[in-house]
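> The structure's right below; bear with me while I get my questions together.
The values are calculated or read from the model by the stated rules, or taken from the named source; none is laboratory data. Keep in mind it's a predicted model, so treat the numbers as computed, not measured. Note that each Cβ is placed from the backbone with ideal geometry, even for glycine, and that neighbours are counted across all protein chains shown.
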Amino acid sequence: MPNKHVEGGFILKEGDVLAIEPFATNGKGLVHDGSLAEIYSIIRKKPVRMPAVRNVLKQAEEYRELPFAKRWLKSDRLDFSLLQLEKEGVLHSYPVLIESAGGLVSQAEHTVIITQDGCEVTTK
């Protein structure tokens, strides 16, 4: 569900699962992609030759289709391995978002499941 107006809107149904991620800033409220990435996800399977890269891929595969943080992986050649996997089209990187005015940004997150009587927050 996008975080902007969509013609026709959305109707939530019982069993739907949503992540609610509000952001607050003392800046302009506008962001752009930074040059660094800290979050990745696997976008396709592909065999890799280099042992260090293969080791990082094996660790990443534990998260299946879910995004994972760079800090969760261990390798002496982590940055090199992530870059190789991205170049080979195995990983997608999510750049750090930079507040356009240089403001501080905070984020909270909750996951909710739509129930017959409302919703259940699963991330308390």
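> Restricting attention to segment 66-96, and to residues there that are without any contact (Cβ under 8 Å) to a residue 24 or more places away in the chain and basic (Lys, Arg), which single residue is farthest from residue 36 (Cα to Cα)?
Here is the first cut: in segment 66-96, the residues without any contact (Cβ under 8 Å) to a residue 24 or more places away in the chain are 72-75, 78-79, 83, 87.
Retained after the next criterion (residues that are basic (Lys, Arg)): 74, 87.
On the way: 74: 18, 87: 15 Å.
Ranking the qualifying residues of segment 66-96, first place goes to 74.
> Looking at (1) surrounded by 14 or more Cβ atoms within 10 Å (Cβ to Cβ); (2) in contact (Cβ under 8 Å) with a residue 40 or more places away in the chain; (3) over 14 Å from the mean Cα position of the chain (by Cα), which one does residue 37 not meet, given that it meets all the others?
In the conditions (1) surrounded by 14 or more Cβ atoms within 10 Å (Cβ to Cβ); (2) in contact (Cβ under 8 Å) with a residue 40 or more places away in the chain; (3) over 14 Å from the mean Cα position of the chain (by Cα), residue 37 misses (3) alone.
> Given the condition farther than 21 Å from residue 97 by Cβ, at pLDDT 95 or above and not aromatic (Phe, Trp, Tyr), answer yes or no: does some residue in segment 33-43 qualify?
Residues of segment 33-43 farther than 21 Å from residue 97 by Cβ: 42.
Cutting the leftovers down to at pLDDT 95 or above gives us 42.
If we keep only those that are not aromatic (Phe, Trp, Tyr) as well, we get 42.
There is at least one residue in segment 33-43 that is farther than 21 Å from residue 97 by Cβ, at pLDDT 95 or above and not aromatic (Phe, Trp, Tyr).
> Also, quick follow-up: Considering only segment 12-19, I want to know if a residue exists there that is closer than 27 Å to residue 89 by Cβ, in contact with a His (Cβ under 9 Å, 6 or more places away or on another chain), touching a residue at least 12 places away in the same chain (Cβ under 8 Å) and surrounded by 10 or more Cβ atoms within 10 Å (Cβ to Cβ).
At the first step, the residues of segment 12-19 found to be closer than 27 Å to residue 89 by Cβ are 19.
If we keep only those that are in contact with a His (Cβ under 9 Å, 6 or more places away or on another chain) as well, we get 19.
Pick out the ones that are also touching a residue at least 12 places away in the same chain (Cβ under 8 Å) and you get 19.
Then keep just the ones that are surrounded by 10 or more Cβ atoms within 10 Å (Cβ to Cβ); that gives 19.
Yes, the conditions are met somewhere in segment 12-19.
> If you go through segment 47-86 one residue at a time, how many are surrounded by 15 or more Cβ atoms within 10 Å (Cβ to Cβ) and assigned to a loop (DSSP other than H, G, I, E, B)?
4
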